[in-house]
1. Quick check on this structure: which one of 248, 286 is part of a strand (DSSP E or B), out of contact with any Gly (no Cβ under 6 Å at 6 or more places or on another chain) and open to solvent by less than 80 Å² (accessible area, probe 1.4 Å)?
2. Take the conditions among the hydrophobic types (A, V, I, L, M, F, W, C) and open to solvent by less than 70 Å² (accessible area, probe 1.4 Å) and apply them to residue 29. Does it pass?
3. How about segment 38-55: which of its residues are in contact with a helix residue (DSSP H, G or I) (Cβ under 7 Å, 6 or more places away or on another chain), in contact (Cβ under 8 Å) with a residue 12 or more places away in the chain and within 22 Å of residue 121 (Cβ to Cβ)?
4. Going by the conditions given, is residue 315 within 27 Å of residue 23 (Cβ to Cβ) and part of a loop (DSSP other than H, G, I, E, B)?
5. Show the residue pairs that are 6+ apart or on different chains and have beta-carbon atoms under 7 Å apart, the first residue being within segment 81-93 and closer than 15 Å to residue 159 by Cβ and open to solvent by 20 Å² or more (accessible area, probe 1.4 Å), the second being modelled with pLDDT of 95 or more and among the aliphatic types (A, V, I, L, M).
6. Which of the residues that make up segment 119-166 are under 17 Å from residue 92 (Cα atoms), open to solvent by 30 Å² or more (accessible area, probe 1.4 Å) and part of a helix (DSSP H, G or I)?
7. What helices (runs of 4 or more DSSP H) completely inside segment 1-104 contain at least 3 residues that are under 19 Å from residue 151 (Cα atoms)?
8. With respect to residue 201, determine if the residue is open to solvent by less than 30 Å² (accessible area, probe 1.4 Å) and outside any loop (DSSP other than H, G, I, E, B).
Amino acid sequence: AIVKDYKEKIAHPTDLSSISSKLDKDQYAHVDDFVLDLRRISANCLQFNTTLDDSFRPLAVDFLTTAEDLCKLFLAKHELPKVAYPSLLYCWADCVKAIDELIQLTNPEDGLQTAWYFLHPVSYFCGGEYPDGYLDKVKKPIDLGTIIQHLLTGSYKSVGAFVADCRSVSDNCHAFYVGNDEGEDLCNKAKRLYESMENTLGQLFLFDQSEKGAKAIEKATSKYMTIKRPEKDFLKGIMTELRAATYTDRSAKITERATTLFEKPVDITVFTDYPQFVETPMDLETVDRKIEAGSYVTPEDFEYDIALIFKNCERYNGPKKNIHVVNLGKNTAKIFR
């Protein structure tokens, strides 16, 4: 039942394992597609987990905060002045807090969640279809879950657009049920939501238009994490351990040094078709030289080159059915990780 409910509420499910798999298979055509999937992990969590005092919500915010910092460091910063992917609102976390306040609101008469019928599209509560005449009266359907998706995937370009959508959640309810006594209870809930959000959203909007808001925008756009450059001795130690690794072929029952085939550049005078399969060659001796030259600015730069060695191995030897070499590369990559 939970899985069925999740599929009905979440249009684009994803997770770190799926993202990692897509990276391994080179399925991301652009950086912004990768960043969008990362952001959707948090957006989906916040859209689905909407109970009172839900413990998953702060975790989703923490995850996205870290993900955004890492994306700035490893993606956006190196693409300047080019825009690698759409930025989030500088105050996105405050916007999430504003939504959280609405989710925490309860009805005075029964103590139930006031926002319940506003957390997902109207069609979700009506068997997958909008009620007759709804789209005639409501030109832009919106709900708190959809707002979260827009907010955390970079759709909002201004605080004003976010605030307008929040207000539309209540306005749409009144627009559809005006003059209809059957919707009186929902309209009362919508009114309670509107009154609750006005103070928070009003303050947020005023801050956005103020001098302090301008400074906050400037600070957010210039903020980058810094990671210490890895020490040469540390990287050399990893290389020594990697070279000490062995691989045992279960069929032939032969044990050999795991890295022998990866020490030197592939000789393209022998393997003449290698450049057709591998765009960026890499080998352990090249990594050694880059360590000595201080070329690795971050640990991830070093990790990328080592992983590239074994990915290249699979790219070239996989299609040729060189199973032993492919397994050797996979085993050594696993040891490295």
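The values are calculated or read from the model by the stated rules, or taken from the named source; none is laboratory data. As the structure is a prediction and not an experimental result, all values here were calculated from the model. With ideal geometry, Cβ positions are generated from the backbone for all residues, glycine too; neighbour counts draw on all protein chains shown. Ligands, DNA and RNA are stripped out before the accessible areas are found, and what is left, the full protein with its side chains, is counted by its heavy atoms. Shrake-Rupley method; radii C 1.70, N 1.55, O 1.52, S 1.80 Å.
1. Exactly one of 248, 286 is part of a strand (DSSP E or B), out of contact with any Gly (no Cβ under 6 Å at 6 or more places or on another chain) and open to solvent by less than 80 Å² (accessible area, probe 1.4 Å), namely 248.
2. no
3. Scanning segment 38-55 gives 39, 41, 42, 43, 45, 46, 47, 48, 50, 52.
4. Working: within 27 Å of residue 23 (Cβ to Cβ): yes; part of a loop (DSSP other than H, G, I, E, B): no.
Considered against the rule, which asks whether it is within 27 Å of residue 23 (Cβ to Cβ) and part of a loop (DSSP other than H, G, I, E, B), residue 315 comes out as no.
5. Close Cβ pairs (under 7 Å, with a partner that is modelled with pLDDT of 95 or more and among the aliphatic types (A, V, I, L, M)) amount to 88/152; 92/151; 92/152; 93/61.
6. 146, 149, 150, 161, 164
7. Correct list: 31-48, 56-71, 92-104.
8. Yes, satisfied.
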